[in-house]
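Asker: Handing you this structure, nothing more for now.
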Amino acid sequence: MGDLIWLGITLISVGCLSSAVGMLFMKWSMDVEAELPLHRRKRWALGFFFLVVNATVIDVIAFGITPLSMIAPFAGLTIVFTSLLASTGWLHVRETLSPTAIGCTGLVLVGVTLVSIFGPHPRAELPLAQMQANFVHPQFLAFAVVTLSTVGAWLLVWTLPVCAPCRPRAGGMLTTLLSAWTAAVCGALSQLLLKIVAVALKVSPRGLQP
């Protein structure tokens, strides 16, 4: 792999760590600053800063220089970093990881490693014009409509009182799977959109310089 790809992988890993730190700070804020007005929640502001730095700086650069097929699986590192940091207690209360959580964290690490080694390593990315054309391709539009419809349906079932009889048990396996599905759909579409934004910035007259 080229130097730029390794730089992109390093940046996305740092971005995942930044996101994990940000979420833990916001969790800490909810536990100790919930009674304060938002503008006085210092831990929440710090967590928001880490999340914004990742989303607006690190990810944009990483997505602009690294193929999406390689970089997307590394988003799972956010879960790994969050679990590890929570288990140390460095940011707020120490949380003990169950054997299941440890096993799942290990699976994520194995998956990211396998993708980085054996995944597709394209030598050149699609031109921006082709990316834009793909976004209006009937197959992609069908995928987006179907998947986003399931996300909307789950949100309605979970939030509307009239849908309470159809709502699965909170904390149950079905709730976990449906919530994971909606998160995956939103994450996939957001990464696709971020990729095209990053490439557009890269090829602009004042393009991003890694």
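Asker: Hey, what do the phi angles of the range 54-64 turn into as Karplus ³J(HN,Hα) couplings, whole Hz, using 6.51/-1.76/1.60 and θ = phi - 60°, x for Gly and Pro?
Answerer: Calculated HN-Hα couplings, in order: 5, 6, 9, 10, 5, 5, 4, 5, 4, 5, x Hz.
Asker: Let me ask something additional. With n ≥ 4 as the cut-off for DSSP H runs, can you work out [θ] at 222 nm for the chain, using -39500 (n - 2.57) per run divided by the number of residues, rounded to the nearest 500?
Answerer: About -23000 deg cm²/dmol.
Asker: State whether the range 99-159 is rounded, prolate or oblate according to the following rule on the C-alpha gyration tensor (a ≥ b ≥ c being the square roots of its eigenvalues): a/c under 1.5 gives rounded; otherwise a/b larger than b/c gives prolate, and the remaining case gives oblate.
Answerer: Oblate shape, in that a/c is at least 1.5 and b/c is the bigger or equal ratio.
Asker: Same structure, new question: What shape does the range 44-172 have by the C-alpha gyration tensor, where a ≥ b ≥ c are the square roots of the eigenvalues, rounded means a/c under 1.5, and otherwise prolate means a/b greater than b/c and oblate the rest?
Answerer: oblate
Asker: Turning to a different aspect of this structure: Return the whole-Å distance between the Cα centroid of the range 44-112 and the Cα centroid of the range 167-199.
Answerer: 15
Asker: Run the numbers on the chain and let me know its relative contact order in percent, using alpha-carbon pairs under 8 Å that are six or more apart.
Answerer: Relative contact order here is 23 percent.
Asker: Give me the accessible area per residue for the chain, probe 1.4 Å, as a whole number in Å².
Answerer: 61
Asker: While we're looking at this one, here's another question. Which helices count as membrane-span-like in the chain under these terms: full DSSP H, at least 15 Å along the axis by C-alpha, Kyte-Doolittle mean of -0.5 or more?
Answerer: Helices meeting the span and hydropathy rule in the chain are 3-32, 42-53, 77-88, 99-118, 138-159, 173-203.
Asker: If I take every Cα pair under 8 Å that is 6 or more residues apart in the range 131-210, average their sequence separation and divide by the length, what percent do I get for the relative contact order?
Answerer: 25
Asker: Principal axis extents for the range 3-114, Cα atoms only, whole Å, descending order, please.
Answerer: 46, 35, 17
Asker: If you roll a 1.4 angstrom probe over the protein chains with everything in place, what fraction of the accessible area of the chain belongs to carbon and sulfur, to the nearest %?
Answerer: With neighbouring chains kept in place, the figure for the chain is 73 percent.
The values are calculated or read from the model by the stated rules, or taken from the named source; none is laboratory data. This is a predicted model, so every value here is computed, not measured. Each accessible area value is taken on the protein alone, full model and side chains, heavy atoms only, with ligands, DNA and RNA left out. Shrake-Rupley method; radii C 1.70, N 1.55, O 1.52, S 1.80 Å.
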